[in-house]
1. If I filter region 56-70 for residues that are surrounded by fewer than 13 Cβ atoms within 10 Å (Cβ to Cβ), more than 11 Å from the chain's Cα centre (by Cα), part of a strand (DSSP E or B) and of a type in the set (D, E, K, R), do I get at least one hit?
2. Residue pairs, Cβ under 8 Å, 6 or more apart or interchain, first in region 22-38 and within 14 Å of Phe9 (Cβ to Cβ), second in a loop (DSSP other than H, G, I, E, B) and not hydrophobic (A, V, I, L, M, F, W, C). List them.
3. Just the residues that are closer than 19 Å to Phe74 by Cα and open to solvent by 100 Å² or more (accessible area, probe 1.4 Å), please, taken from region 27-55.
4. Does region 40-55 hold any residues that are in a strand (DSSP E or B) and either among the small types (Gly, Ala, Ser) or free of Cβ contacts under 8 Å to residues at least 40 places away in the same chain (or both), and which are they?
5. Filter region 2-26 down to residues that are closer than 19 Å to Ala67 by Cα and surrounded by 12 or more Cβ atoms within 10 Å (Cβ to Cβ), then give me how many there are.
6. I'm trying to understand the selection: among the residues of region 1-39, which are assigned to a loop (DSSP other than H, G, I, E, B) and either modelled with pLDDT of 95 or more or not aliphatic (A, V, I, L, M) (or both)?
Amino acid sequence: MKYILFEDFSGAPVPVIFPNRIDHAEMREQMPYAKALSAGYVSLRPDGFHCHGNSKSLELQAAPGDAQIIADKFEDPES
């Protein structure tokens, strides 16, 4: 799966996960958030989420804390 981590209107990080067949730039165009923070690929392994790679079209890459942000959203979707 691919992901983009956006900054929402309050400044909090919001991950959007989507299928590999959709381009990062196409998904970016659909989102109302002003700032994309990072982007790449996400997978779920036995030891948790792992983020890697980059988005050439957005000129962004996976950041070290992205997997934890995604995991936290699954633990507490209201956060």
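The values are calculated or read from the model by the stated rules, or taken from the named source; none is laboratory data. Everything quoted here is computed from the prediction, not taken from an experiment. Cβ sites come from the backbone with ideal geometry, for glycine too, and all protein chains shown count toward neighbours. We work out accessible area using only protein heavy atoms, side chains counted, and drop any ligands, DNA or RNA first. Shrake-Rupley method; radii C 1.70, N 1.55, O 1.52, S 1.80 Å.
1. no
2. Going by the 8 Å Cβ cut-off, the qualifying pairs are Tyr33/Asp8.
3. Once the filter is applied, which keeps residues that are closer than 19 Å to Phe74 by Cα and open to solvent by 100 Å² or more (accessible area, probe 1.4 Å), region 27-55 yields Leu44, Arg45, Pro46, Asp47.
4. First pass over region 40-55, keeping only residues in a strand (DSSP E or B): 40-45, 48-52, 54-55.
Residues satisfying the conditions are Gly40, Ser43, Leu44, Arg45, Gly48, Phe49, His50, His52, Asn54, Ser55.
5. Going residue by residue through region 2-26, those that are closer than 19 Å to Ala67 by Cα are 2-8, 11-20, 24.
Still in the running and surrounded by 12 or more Cβ atoms within 10 Å (Cβ to Cβ): 2-8, 13-18, 24.
The qualifying residues number 14.
6. Applying the first criterion (assigned to a loop (DSSP other than H, G, I, E, B)) to region 1-39 yields 1, 8-12, 19-23, 31-34.
Once the filter is applied, which keeps residues that are assigned to a loop (DSSP other than H, G, I, E, B) and either modelled with pLDDT of 95 or more or not aliphatic (A, V, I, L, M) (or both), region 1-39 yields Met1, Asp8, Phe9, Ser10, Gly11, Pro19, Asn20, Arg21, Ile22, Asp23, Pro32, Tyr33.
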